[in-house]
Amino acid sequence: MSSPAPGESPLLANIIESTDEEIRAIADPLWRDLLRNSNEGKYGEFVSRFARSLALAMNQVTANHQFANSELARNLADDADFLGIIRRGEHVTVLYRQRSTKKAGEWLGRLVLGHEDGEVRIFAASIF
């Protein structure tokens, strides 16, 4: 069986029942897209895979300000190290070690995925 395309749902209705490999086949491309769109300041593309609840909660003016003024948000390294997956309820949290191209050090990247309307969507994404 081939890997699903980014955002395409695995066969299982509850993502926590998916294998780590199935989850990573979806999560890793989504994380790379978030990094690229953050670095390029493309707000519309950055939120394109967000769940409705997250997209509605995001204030576009605030997010655009963050993209424009955050050295970290605009200089994320392309490569991230996968750290693990946490399963809880109807969501999985995928953790990454993230670096910057301008700032020394490492950050924890967090991507929360779940199903919405038959597709895998992003329910939370953060770097801290």
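Bear in mind that the values in this text are calculations on the coordinates, not laboratory data. Quick caveat, the model's predicted, so the values are computed rather than measured.
Once you order the gyration tensor axes a ≥ b ≥ c over the Cα atoms, which shape class does region 77-128 get: rounded for a/c under 1.5, otherwise prolate or oblate by comparing a/b with b/c?
Numbers: a/c = 3.06, a/b = 2.25, b/c = 1.36.
Because a/c hits 1.5 or more and a/b exceeds b/c, region 77-128 counts as prolate.
With a ≥ b ≥ c taken as the square roots of the eigenvalues of the C-alpha gyration tensor of region 18-127, please select rounded if a/c is under 1.5 and otherwise prolate if a/b is larger than b/c or oblate if it is not? Mind dumping the intermediate values first?
Values: a/c = 2.12, a/b = 1.22, b/c = 1.73.
The shape class here is oblate.
Hey, can you grab everything whose amide H is under 5 Å from the amide H of ALA51? Only 5+ residues off in sequence or another chain; H modelled, so Pro and N-termini drop out.
ILE122, PHE123
Below 8 Å, C-alpha to C-alpha, sequence gap of six or more: please give me the relative contact order for region 18-127 in percent. Before the final figure, lay out the partial values.
Working: 161 pairs, mean separation 24.0, N = 110.
Relative contact order here is 22 percent.
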